[in-house]
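Have a look at the structure below, then the notes.
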Amino acid sequence: MIMRPLSIAFTFALLVGGAALADFDPVNWHDEELTAAGGPFRPYFFPDASGNPRIAVKSSTGGSSATLRLLTQGPPAWITGTDVSLPQNRHGVFVPAPGGGGYLVASRNNTSLMVAVFAADGSAKVDIAPLSPTDLTAVSASLDPSGVLHIGYVQDGTTLGYARRNGEGPNRWRVADVDEPIGDPVASTAIVALSTTSASVYFTVNSDLGRLDLWRARPVEVAGMLTVVHDTLSPLVKFADYVQAPICGTRGGGTERLYYMGSDGGDSWKLRRLQNGVGADLETQGTTVDCRGIHSAVPSDGRERIAWYDASGRVLHYLRPDTATDGPPYEAFHPLIVSGSQTHAELEGFMFTPDDVPCLLYRNGAGDDFVCFPRDSFDTDGNGRDDLLDIAFNSPVARLEVLPMGEAAPGLPFSADRFNVRFPTIGSASFDGTAVVSLSRNLRWEVEYSPDASMWEPADGVASYNLTATNGSMRTFTVVSENSAPGSLSKRFARVVVTRPEFPY
């Protein structure tokens, strides 16, 4: 009998749909090294008009100005854009603005408080706060819901300062009058802006007991005078003994929040959260923890994620709510584990792309800066397909394989004269009744058929999935069509669709 030639074409599809789907195995995350600005430098995330993560790298010099280098595109790779000069020759903090751009709050020679106002395209202009020259450290800033910029800082090491900037008019600045010194050195501040006239300034104090303690001030206006602390109307409030310097303030879930590393007497460190003044333990650690940066970000589902870096364990911690609510409880993952000395390591930023891909900005022990993000949606090895397929097939070249028509697939005598395709899997995958899944690797492989490569239907119900080879956790599945070949169609198409079915980042 003469058979008509029959071709089975195949394509690959990566269906993500909505939020990106998670894999926290470090091997499946990509590190992209960033271009520096020369000399001591620090990078900051800022969003463009579409919410994409752009990066400003600023030098720190002893001269009158500093180099600001703008990195564009990305992820997966950022390229060097325009270099500009800023009078802010010290490092500070960047506050993203809705619609792109934002505010880089820093100083010149640690004496003048300056705000570089960034447009979404990266262009910037500098505004100087009207305060007397003083030794400025521990700068923090945030926007309130109406867009007013609130700034916390420390003067001369022991005096808490506060200022706010409202728009571009002649009366845009309000600077708090200098209050009495706190009395002990202030190590860090984190400000949570609640409204145009309301903010909380959290700060850590190096007490005379040789530890850091956590306090809060709430600036108030009394008889036309703005003051950081008022003994009667807004006294200082102490929240914790034994904390570490990095603190992160947010309005997560529309409420006032502060994240910090604290302990009960220094015996066991815990990542903790204050929400409207009420504490909760999020993650318990051991007796040796060196927290280098805490940051938070919110994807499209509205649930805040927290990331922090432990230099003693050389591990990045990524906390995601493990329920539909905005946490706690949280589940902790570790997408980045490094080796070697971590003297200069730090988590420097955290933001999501418009497609809900988390991007973590960090400095390694050698002082080089990287952005770390999941590989799934990118072709980081340049083989022409998204890395999720490389991960799912455990190979940059493996693919859906079409077996010869007419011959039985190896180990499957009943498959003679059928349409047979096979594909490799990882994670001890198994057939769940509709597709092949790996619970340990959060992957799903499903074969689909089409007569014209435009309308696709699942192979389940018209084909059988068969495990035909096993090598440890690597397994090969062969899908056998119930229809004899060639049938009434001169051409058929098959594809394997790979997804991650659970756990948004």
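Tell me, yes or no, whether segment 445-453 has at least one residue that is crowded, with 20+ Cβ neighbours inside 10 Å and either more than 18 Å from ALA494 (Cβ to Cβ) or in contact with a helix residue (DSSP H, G or I) (Cβ under 9 Å, 6 or more places away or on another chain) (or both).
Yes, segment 445-453 has at least one match.
Are there any pairs, at least 6 apart or on different chains, whose C-beta atoms fall under 6 Å, with the first in segment 319-330 and open to solvent by 30 Å² or more (accessible area, probe 1.4 Å) and of a type outside the set (D, E, K, R) and the second outside any loop (DSSP other than H, G, I, E, B) and modelled with pLDDT of 90 or more, and if so, which?
The qualifying pairs are PRO328/ALA280; PRO328/LEU282.
Filter segment 100-113 for residues that are assigned to a loop (DSSP other than H, G, I, E, B) and open to solvent by less than 10 Å² (accessible area, probe 1.4 Å) and give the result.
GLY101
Determine whether segment 250-266 contains at least one residue that is small (Gly, Ala, Ser) and out of contact with any strand residue (DSSP E or B) (no Cβ under 7 Å at 6 or more places or on another chain).
Checked segment 250-266: at least one residue is small (Gly, Ala, Ser) and out of contact with any strand residue (DSSP E or B) (no Cβ under 7 Å at 6 or more places or on another chain).
So that you can scan it fast, the table gives a plain yes or no per residue for (1) part of a strand (DSSP E or B); (2) more than 23 Å from the chain's Cα centre (by Cα):
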site	(1), (2)
PRO76	no, no
ILE79	yes, no
HIS91	no, no
PHE94	yes, no
PRO98	no, no
VAL115	yes, yes
GLY122	no, no
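Output the number of residues of segment 295-318 satisfying the condition of being β-branched (Val, Ile, Thr) and open to solvent by less than 10 Å² (accessible area, probe 1.4 Å).
Result for segment 295-318: 1.
Mind listing just one residue for me: the one in segment 345-362 that is open to solvent by 20 Å² or more (accessible area, probe 1.4 Å) and in a loop (DSSP other than H, G, I, E, B) and, of those, modelled with the highest pLDDT?
Residue satisfying both the conditions and the ranking: PRO354.
Here is a check on your reading of the model: is ASP83 more than 19 Å from ALA163 (Cβ to Cβ), open to solvent by 20 Å² or more (accessible area, probe 1.4 Å), part of a loop (DSSP other than H, G, I, E, B) and among the acidic types (Asp, Glu)?
no
Could you list, ordered by first residue, the pairs with Cβ atoms under 7 Å in which the first is in segment 123-136 and over 16 Å from ARG174 (Cα atoms) and the second is open to solvent by 50 Å² or more (accessible area, probe 1.4 Å) and among the acidic types (Asp, Glu), at least 6 apart or interchain?
Close Cβ pairs (under 7 Å, with a partner that is open to solvent by 50 Å² or more (accessible area, probe 1.4 Å) and among the acidic types (Asp, Glu)) amount to THR134/ASP156; ASP135/ASP156.
Which residues, counting only those in segment 286-311, are modelled with pLDDT under 95 and polar (S, T, N, Q)?
THR287, THR288, SER300
In segment 365-382, which residues are more than 26 Å from GLY39 (Cα to Cα) and of a type in the set (Asp, Glu)?
Within segment 365-382, ASP376, ASP379, ASP381 meet the criteria.
How many residues does segment 26-83 hold that are in contact with a helix residue (DSSP H, G or I) (Cβ under 9 Å, 6 or more places away or on another chain) and without any contact (Cβ under 8 Å) to a residue 12 or more places away in the chain?
Number of matching residues: 1.
State all residues of segment 363-407 that are within 23 Å of THR499 (Cβ to Cβ), open to solvent by 20 Å² or more (accessible area, probe 1.4 Å), among the charged types (D, E, K, R) and under 30 Å from the mean Cα position of the chain (by Cα); if no residue qualifies, say none.
Across segment 363-407, the qualifying residues are ARG375, ASP379, ASP381, ARG385, ASP386.
Just name the residue that is farthest from GLY382 (Cα to Cα) out of those in segment 53-74 that are open to solvent by 40 Å² or more (accessible area, probe 1.4 Å), among the polar types (S, T, N, Q) and assigned to a loop (DSSP other than H, G, I, E, B).
So, considering only residues that are open to solvent by 40 Å² or more (accessible area, probe 1.4 Å), among the polar types (S, T, N, Q) and assigned to a loop (DSSP other than H, G, I, E, B), the one farthest from GLY382 (Cα to Cα) is SER64.
Working only within segment 191-249, note down all residues that are crowded, with 16+ Cβ neighbours inside 10 Å, charged (D, E, K, R) and closer than 18 Å to THR159 by Cβ.
Those that are crowded, with 16+ Cβ neighbours inside 10 Å, charged (D, E, K, R) and closer than 18 Å to THR159 by Cβ: ASP213, ARG216, ARG218.
For segment 239-253, what are the residues that are under 18 Å from ALA199 (Cβ atoms) and not in a helix (DSSP H, G or I)?
PHE239, ILE247, CYS248, GLY249, THR250, ARG251
State yes or no: is THR134 at negative phi and open to solvent by 40 Å² or more (accessible area, probe 1.4 Å)?
No: the conditions fail for THR134.
Do any strands (runs of 3 or more DSSP E) lying entirely in segment 408-481 carry at least 2 residues that are under 33 Å from the mean Cα position of the chain (by Cα), and which ones are they?
418-425, 436-438, 443-450
The values are calculated or read from the model by the stated rules, or taken from the named source; none is laboratory data. Quantities reported herein were computed from a predicted structural model and do not represent experimental measurements. Because the Cβ atoms are built from the backbone with ideal geometry, glycine has one as well, and the counts that use them run over all protein chains shown. Surface accessibility is based on the protein's heavy atoms, side chains included, excluding ligands, DNA and RNA. Shrake-Rupley method; radii C 1.70, N 1.55, O 1.52, S 1.80 Å.
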